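A short reminder: the numbers here are calculations on the coordinates, not readings from a lab. These numbers come from a predicted model, not from an experiment. Glycine also receives a Cβ, built like all others from the backbone with ideal geometry; neighbour counts cover every protein chain displayed.
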Amino acid sequence: MKKSISLGDKRYFELSIGKRILKKQLFNSDGAIPVYSGNVNVPFGFFDKSNIKDFEHDYIIWGIDDAHFDFGFIPKGTEFATTDHIGAIKILDEGILPEYLLYALKCKKRSLDFDWTNRPSLYVMRKVKVEILIFNCREILVRNSVWYRR
């Protein structure tokens, strides 16, 4: 089912932004958890703890700074941390394919027109609407089963 959903819809998503982490904190850490800050593709460094507590869901992360504004995908089960320059979208509904949401957001990126005066803050990102497909796995299995028996 295709649906237009706001990223602020708490039935489907939970949005957050990390806290400030200084480079010297990373130098004094023996951690192995990647910390994202500004760039969603390359970790800023590694730390011994994460501000994210739930790794049982898929995440889409976004860069807060317009120069590095992009989206990235963190699959469930992957530990990571964010700073105050990275936002995280926790996908609460198992019917939302994270790769599809990532694609939809990347397609919408240019039209969002973020810059230094219009930054992708939590407030702004909660208003963003995306057209996504929501899959009901049970319904798909039942339909395929009925088709197969014919």
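What aspartates and glutamates does K106 reach when the alpha-carbon gap must be under 17 Å and sequence neighbours fewer than 8 apart in one chain are set aside?
D58, D65, D66, D70, D115, E131
Using the number of other C-beta atoms within 10 angstrom as an exposure proxy, rank Y123, Y103 with the fewest first.
Y123, Y103
So, with +1 on the Cβ of K and R and -1 on the Cβ of D and E, and no other charges, what is the size of the charge dipole of the chain about its Cα centre, to the nearest 20 debye? Show your work: numbers first, answer last.
Numbers: 24 positive and 19 negative charges, 111 e Å.
That gives the chain a dipole magnitude of about 540 debye.
Among C107, N118, S29, whose Cα projects farthest towards the positive end of the dipole of the chain, with charges put on the beta-carbon of Lys, Arg (+1) and Asp, Glu (-1)?
The Cα lying farthest towards the positive end belongs to C107.
Pairs K10/K90; K3/K90; K23/K90; K2/K109; K3/K53: which are spaced more than 22 Å apart, C-alpha to C-alpha?
As for pairs spanning more than 22 Å Cα to Cα, those are K23/K90; K3/K53.
Contact order normalised by length for the chain, with contacts defined as Cα pairs under 8 Å and 6 or more residues apart; what percent is it? Don't jump to the answer; show the numbers that get you there.
Working: 291 pairs, mean separation 46.9, N = 150.
With pairs under 8 Å counted, the relative contact order is 31 percent.
Starting with the fewest neighbours, write out D54, D84, D30 ranked by other beta-carbon atoms found within 10 Å of each beta-carbon.
Details: D54 10, D84 14, D30 7.
Arranged by neighbour count, lowest to highest, D54, D84, D30 become D30, D54, D84.
Where does the chain land at 222 nm, in deg cm²/dmol rounded to the nearest 500, when only DSSP H runs of n ≥ 4 count, each adding -39500 (n - 2.57), divided by all residues? Mind dumping the intermediate values first?
Working: 4 runs with 39 residues, N = 150.
Using -39500 (n - 2.57) per qualifying helix, the result is -7500 deg cm²/dmol.
Taking every DSSP beta bridge with both residues inside the range 2-149, roughly what % is antiparallel (nearest 5)? Write down the numbers at each step before the final one.
Working: 23 of 25 bridges.
Restricted to the range 2-149, the bridges split so that about 90 percent are antiparallel.
So, in Å, what gap is there between the alpha-carbon centers of the range 41-98 and the range 1-27?
Centre-to-centre distance over Cα atoms comes out at 7 Å.
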